[in-house]
Every structure is written in structure tokens, then in C-alpha cells.
Amino acid sequence: MTSFKASLFTAMLISGSLIGCKASAPADTKAVALATSDTLPPIRKMLSCLPKNAALMAAHRGTDETWTDQAENSVGGLNALITHGSLMAEIDVAGLKDKTLITFHDGVWDEISTGKGPIASSTKADLERILLRSRQGGLTSDRPPEFADMLRAAKGKIYLEIDFKSSADPKAVIAAIRDADMADHVLLIAYNARQAAELQALAPEMLRSNPTDATQRGHAVWLGYNVANGTTAQKLQSEGNFTIGRIGDPNRQPPLAKLRQASHILVTDDADDFEGVIGLTPQTRTAFEACLASD
């Protein structure tokens, strides 16, 4: 693979950022291993090379929900994930009144920031007066980031799974991703067949998460907590799809081993409990590394 440095990927493995257990290396070692712009292969390559019983972990809302000093959808939270060794973050993209794109989940500022009122009534200038809160309610030093800032923070270090809020203009989001040269390192979320068709028309080259009624070979399918139930995931994978599951509710999910087998990606609120890729063994890790380093 011409854009991938095998030696740097080996450093990532040694540092523990891809191993499915807690790493013994200090966090700053992992950060150094992930700090070069071409350490991550294209996302389709990563998913295609995953061993059968391994899964890429995606941090929901771009953080760990227990981190009291980090806000969801923030640059600080994203940097903390990168330092931890996470390799994928799910983030939410929204639009302000002046068309500025930011990362923010809610329709109003109040619950998770010091801001007040609808975000759709705010402008870029308002961001300088707002601080974000952690998911535990603590005040952080982060302001709501522009989407372009999140792309810059992520580039070459972590994949982004992008959730479009209703206030975000899909055309503008796609343009920003292309401007950042991140088309090969994102996963676009489509919730229905109409949205899937729209994103296919706007960004045919980008990986997409589709609903089950709009599957498309070479893209992903969201199955949530049902990913390991029945044979749906197996069938979808045999047809050339990637599968995405959810982990976090012990009352709704099967054992982790079954989730790993059924999923290419697992979305979690507890990123701190997992490495970037879980389920690798010494044998499958060697094959995984060789696959990623191949042309």
C-alpha cells in the first residue's frame, strides 16, 4: 500500500493501540505512534483486513461518557481518544444560522454547554462565548468546535463516523471532508433509504453506513444491538457489506465474543475500556498487519 508506512503500523501494534486488551505502554507512546498523517490506511482497507473475530471500536459522540474533564463532540475529547489509542470516533455535525458547521449533538445548547437556546439561532461569533460540559456535567475548557477543526484534529490519527443532524447541509459537510482530504477516512451515516441515496449521489467515493433496506455492496449496514442475533450479519457480510453493532447494554446484547464475530465496527460509550481493535490474537495480528501493509 503506497500511502501506508508498515514500520509505523508496527509501532502502533507494539504500543498497544490495536491490541484487544489494556496496553502497558504509557499513553504518550501511543500518541506518538499515531501522530503521523499517513499512519492510518483507508477505512475500507482497515475493515477488509480485520480478522473474523476482531472489531474496530468507535467511540460514541467522540469521547468516553465517564471522562469528567472531556466534552462530547469536542477537540479535547477527540485528542483524548487518540492518546488512549482509539481508532474511530462517532461525531455529530450540525449547522448554525450563518451556515457554519460545528460538531454538536443536541438541538439546543442548554444541557451540555453554557449556551442557551437553539443552536440554529446562533452564529460563529457565539461560539467564543460558550463552553462545553462533559457528559457527567462538569465544565470543560472546550468550546463548540467547527467541523473543519475536528477534521484537522482527526486527520491521519483516527477515523470519523459522521452523524448528520437536521441543521447540517450535507453538501457542505461533504465539501469540508474533501477539502480536508479525508474522504478515505470517514464513514457517513444514513438513517433511511432516501438519505442513503442522497449521500451516494453527493459522495459516491465515501464509505457509508446504510439501513438494512438500502444495503449496497462495499458499504456498511447498521444493526445495533441486534448485530449478533440470527444470521443477518453473516448474510450481509457474505454479500460484500460491512456490519456495525452496538455495545453497552448488558440486557440487550449477547457476549462480547459473539459481537466481535458479527461486527466489523462496534459503537461504544465506554471507549476507555477498549483498545482500537479488539479480538486480535498473536496469529491474527500478524496476518492483519500483513494485509494492511500490502498494496
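The values are calculated or read from the model by the stated rules, or taken from the named source; none is laboratory data. Keep in mind the model is a prediction, meaning the values are calculated, not measured. No Cβ is skipped: glycine too gets one built from the backbone with ideal geometry, and neighbour counts run over all protein chains shown.
Condition check for Lys52 on (1) more than 16 Å from Ile162 (Cα to Cα); (2) basic (Lys, Arg); (3) not in a loop (DSSP other than H, G, I, E, B): one failure, at (3). Within the span defined as region 120-143, every residue fails to be of a type in the set (Asp, Glu) and within 17 Å of the chain's Cα centre (by Cα).
Is it the case that region 144-159 has a residue that's charged (D, E, K, R), over 13 Å from the mean Cα position of the chain (by Cα) and assigned to a loop (DSSP other than H, G, I, E, B)?
Here is the first cut: in region 144-159, the residues charged (D, E, K, R) are 146, 149, 152, 155, 157.
Filter again for over 13 Å from the mean Cα position of the chain (by Cα), leaving 146, 149, 152.
Imposing the further condition that a residue be assigned to a loop (DSSP other than H, G, I, E, B) reduces the set to none.
No - not one qualifying residue is present in region 144-159.
Has region 1-11 got any residue that is part of a helix (DSSP H, G or I), at pLDDT below 95, surrounded by fewer than 18 Cβ atoms within 10 Å (Cβ to Cβ) and touching a helix residue (DSSP H, G or I) at 6+ places or on another chain (Cβ under 6 Å)? Checked against the condition, which is being part of a helix (DSSP H, G or I), at pLDDT below 95, surrounded by fewer than 18 Cβ atoms within 10 Å (Cβ to Cβ) and touching a helix residue (DSSP H, G or I) at 6+ places or on another chain (Cβ under 6 Å), region 1-11 yields at least one hit.
Of everything listed in (1) assigned to a loop (DSSP other than H, G, I, E, B); (2) within 23 Å of the chain's Cα centre (by Cα); (3) surrounded by fewer than 17 Cβ atoms within 10 Å (Cβ to Cβ), the single unmet condition for Lys116 is (2).
In region 150-171 there is no residue that is in contact with a Phe, Trp or Tyr (Cβ under 7 Å, 6 or more places away or on another chain) and touching a residue at least 40 places away in the same chain (Cβ under 8 Å).
Could you grab me the full set of residues in region 192-238 that are on the phi > 0 side of the Ramachandran plot and either more than 21 Å from the chain's Cα centre (by Cα) or without any contact (Cβ under 8 Å) to a residue 12 or more places away in the chain (or both)? Selection gives Gly230 alone.
Just checking, does region 266-282 include any residue being polar (S, T, N, Q), outside any loop (DSSP other than H, G, I, E, B) and under 13 Å from Leu87 (Cβ atoms)? The answer is yes, given that some residue of region 266-282 is polar (S, T, N, Q), outside any loop (DSSP other than H, G, I, E, B) and under 13 Å from Leu87 (Cβ atoms).
Could you tell me whether any residue of region 199-222 is among the hydroxyl-bearing types (Ser, Thr, Tyr) and touching a helix residue (DSSP H, G or I) at 6+ places or on another chain (Cβ under 7 Å)? Yes, region 199-222 contains a residue that is among the hydroxyl-bearing types (Ser, Thr, Tyr) and touching a helix residue (DSSP H, G or I) at 6+ places or on another chain (Cβ under 7 Å).
For region 79-96, state whether one or more residues are surrounded by fewer than 19 Cβ atoms within 10 Å (Cβ to Cβ) and outside any helix (DSSP H, G or I). Within region 79-96, none of the residues are surrounded by fewer than 19 Cβ atoms within 10 Å (Cβ to Cβ) and outside any helix (DSSP H, G or I).
What about Arg135, is it surrounded by 17 or more Cβ atoms within 10 Å (Cβ to Cβ) and modelled with pLDDT under 95?
Details: surrounded by 17 or more Cβ atoms within 10 Å (Cβ to Cβ): yes; modelled with pLDDT under 95: yes.
Answer is yes for this residue.
Restricting region 172-188 to residues that are touching a residue at least 60 places away in the same chain (Cβ under 8 Å) and among the aliphatic types (A, V, I, L, M) leaves a set whose member that is farthest from Ile82 (Cα to Cα) is Ala172.
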